[in-house]
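Below is one structure; the comments refer to it alone.
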Amino acid sequence: MDPWLIWLITALLLGAAEIFTLTAALGLLGGAALITAAFAAIGLPLPWQFLVFALAATAGVVFVRPVALRHLTPPQRERFGVDALVGGAAYVTSEVTGLGGRVRIGGEDWTACAYDETLVIPPGTTVDVIEIKGTTALVYPRE
């Protein structure tokens, strides 16, 4: 069997595998095998074929794959409403325990509970908003 045909079959198999994995890696390897098949068809010796495949595969994985992945992954959505408060800072206005308390988040007073129910967070402490459940902010003191 001619080497160019083996490279062509390899390219087709890698391309088919890419359809099932969507990793943008197997398709690039299939492209490298297709390029190598073209060089093998014009009579390039076998050791040089492996070099062409290695160079094409490396170039594809290093340069093309990051660009392809950037276009495949959707951009992170903006957070709005209470979702935007998670991860932000809050100021304790009334002692916060596992049962309740008050914090000020972005100029608004919120009911709050300590994320760790064993904690007692005194007024004046800066805390991080870990989660929002309904109208209650679950907070944890900053280190």
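A search for C-beta distances below 9 Å between a residue of region 1-21 that is within 10 Å of residue 40 (Cα to Cα) and any residue that is outside any helix (DSSP H, G or I), counting only pairs 6+ apart in sequence or on different chains, returns 3/44; 4/42. When residue 100 is tested against the conditions (1) part of a helix (DSSP H, G or I); (2) more than 35 Å from the chain's Cα centre (by Cα); (3) not hydroxyl-bearing (Ser, Thr, Tyr), the lone failure is (1).
Once region 30-39 is narrowed to residues that are open to solvent by less than 50 Å² (accessible area, probe 1.4 Å) and of a type in the set (A, V, I, L, M), the residue that is farthest from residue 70 (Cα to Cα) is 37. The residue that is most open to solvent (accessible area, probe 1.4 Å), among those in region 90-117 that are within 16 Å of residue 128 (Cβ to Cβ) and small (Gly, Ala, Ser), is 106.
Consider region 40-59 and keep the residues that are more than 17 Å from residue 14 (Cβ to Cβ) and part of a helix (DSSP H, G or I). The one that is most open to solvent (accessible area, probe 1.4 Å) is 48. So which residues in region 3-22 are over 17 Å from residue 49 (Cα atoms) and open to solvent by less than 50 Å² (accessible area, probe 1.4 Å)? Matches in region 3-22: 14, 15, 16, 17, 18.
The number of residues in region 9-25 being closer than 19 Å to residue 59 by Cα, assigned to a helix (DSSP H, G or I) and either touching a Ser or Thr at 6+ places or on another chain (Cβ under 7 Å) or among the hydrophobic types (A, V, I, L, M, F, W, C) (or both) comes to 2.
Can you tell me which residue in region 127-143 is modelled with the lowest pLDDT, limited to those that are open to solvent by less than 80 Å² (accessible area, probe 1.4 Å) and out of contact with any strand residue (DSSP E or B) (no Cβ under 6 Å at 6 or more places or on another chain)? Only one residue fits best here, namely 134. The C-beta contact set for region 124-135 (first residue under 8 Å from residue 92 (Cβ atoms), second residue assigned to a loop (DSSP other than H, G, I, E, B), distance under 7 angstrom, 6+ apart or interchain) comprises 126/142; 127/142.
Scanning region 60-89 for residues that are assigned to a helix (DSSP H, G or I) and open to solvent by 40 Å² or more (accessible area, probe 1.4 Å) yields a total of 15. For region 68-119, a tally of residues being of a type in the set (A, V, I, L, M) and within 30 Å of residue 23 (Cβ to Cβ) returns 3.
The values are calculated or read from the model by the stated rules, or taken from the named source; none is laboratory data. Computed from a prediction, not measured in an experiment: that's the story for all the values here. All Cβ positions, even for glycine, are placed from backbone atoms using ideal geometry, and neighbour counts span all protein chains on display. What goes into the accessible areas is simple: the full protein's heavy atoms, side chains included, and nothing from ligands, DNA or RNA. Shrake-Rupley method; radii C 1.70, N 1.55, O 1.52, S 1.80 Å.
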